[in-house]
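Structure record follows, encoded as structure tokens.
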Amino acid sequence: MSIVPAAEAAPLIELDHACVIRGQVRVLHELNLRIEQGQHTAILGPNGCGKSSFIKLITRELYPLARADGHVPVKVMGQTRWQVDRLRAQLGIVTGDLSSNLSDMPGLSVEEAVISGFFASYVVPAHRDVTDTMRQRARHALELARALPLLGRSYAQLSAGETRRVLIARALVNQPKALLLDEPSTGLDLISRHHLIDSMRHLAQQGITLVLVTHHIEEVIPEIDRVVLMKGGRIFADGTRADLLQSAPLSEVFGGSIDVTEHGGHLQAHVLSA
């Protein structure tokens, strides 16, 4: 079977003047965004800027306004219609909402939590067999996510940082070309965030495209060179990490004085006193 070169592959995500209204409020305004396969990208902005609505467009929890000319403003992997559970072999989606649902499953082990990713369910369905191949792929996915030592643990007993890495492994069992990560370090302590960032760097170096949605510039690993800044439901700027992860553009997007420092490719943001 021939492999389509990256340059000829359909874009991972393509928005063409995508607008979204929730209630009576327009939360996304004419978004134009094209993310190619293989192009690590960070979508960055403050709370309320539209990042969550962007995620919900991809997960089909929100739909864009229909166009009079019939043009479809959102495509994922070149598809104008998709089911998220059927997309998982191409694009793995990791959100925090899933973690609490898995934690509520009594007696769920880490291995079972990861294997449940094959079935797009919170548990392994009783009528489905778990094959040796599935178990091998679950272990490989845990290894990729730097979480293999957690294999024998109970999911409900994991720390917040450990659950993030297990959720990434759960998405990886389907061997997707890309991962969409929604605020992956929310609620993590310093050490847990360090482990998560190490996992993200390892995945990027393995050739898995990362689309990171966050408001923490510390999560933007050196492998991510493209940055999209959002503000007020619009794309404020789209460019390189070197150009946009600077004090001036970030201060304008976040609405305060921010100083950015870099050490060994890792960024830190500091809010300056007024």
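State whether one or more residues within the stretch 61-75 are touching a residue at least 24 places away in the same chain (Cβ under 8 Å) and not in a loop (DSSP other than H, G, I, E, B). Yes, the stretch 61-75 has at least one match.
The requirement of being at pLDDT 80 or above, touching a Ser or Thr at 6+ places or on another chain (Cβ under 6 Å) and surrounded by 15 or more Cβ atoms within 10 Å (Cβ to Cβ) is fulfilled nowhere in the stretch 132-139; no residue meets it. Selection of helices (runs of 4 or more DSSP H) fully inside the stretch 104-222 by the criterion of at least 2 residues being among the polar types (S, T, N, Q), in contact with a helix residue (DSSP H, G or I) (Cβ under 7 Å, 6 or more places away or on another chain) and on the phi < 0 side of the Ramachandran plot returns 190-205.
Beta carbons closer than 6 Å, at least 6 apart along the sequence or on distinct chains, pair a first residue in the stretch 20-39 that is surrounded by 18 or more Cβ atoms within 10 Å (Cβ to Cβ) with a second that is part of a strand (DSSP E or B) and hydroxyl-bearing (Ser, Thr, Tyr) for Ile35/Thr41; Gln37/Thr209.
Quick test for you: out of Ser192, Ser185, Ser199, Ser273, pick the one residue that is more than 18 Å from the chain's Cα centre (by Cα) and either hydroxyl-bearing (Ser, Thr, Tyr) or within 22 Å of Ala113 (Cβ to Cβ) (or both).
Unique residue meeting the criteria: Ser273.
Filtered by the rule that a residue be among the small types (Gly, Ala, Ser) and over 19 Å from Phe54 (Cβ atoms), the stretch 64-106 gives Ala68, Gly70, Ala89, Ser99, Ser100, Ser103. Within the bounds of the stretch 53-60, is there any residue that is assigned to a helix (DSSP H, G or I), more than 23 Å from Asn174 (Cβ to Cβ), in contact with a strand residue (DSSP E or B) (Cβ under 9 Å, 6 or more places away or on another chain) and not acidic (Asp, Glu)? Checked the stretch 53-60: at least one residue is assigned to a helix (DSSP H, G or I), more than 23 Å from Asn174 (Cβ to Cβ), in contact with a strand residue (DSSP E or B) (Cβ under 9 Å, 6 or more places away or on another chain) and not acidic (Asp, Glu). Residue count for the stretch 161-194, restricted to those that are touching a residue at least 40 places away in the same chain (Cβ under 8 Å) and crowded, with 21+ Cβ neighbours inside 10 Å: 16.
The values are calculated or read from the model by the stated rules, or taken from the named source; none is laboratory data. In this text, all values refer to a predicted model and were calculated from it rather than measured experimentally. Neighbour counts run over all protein chains shown; Cβ positions are idealised from the backbone, glycine included.
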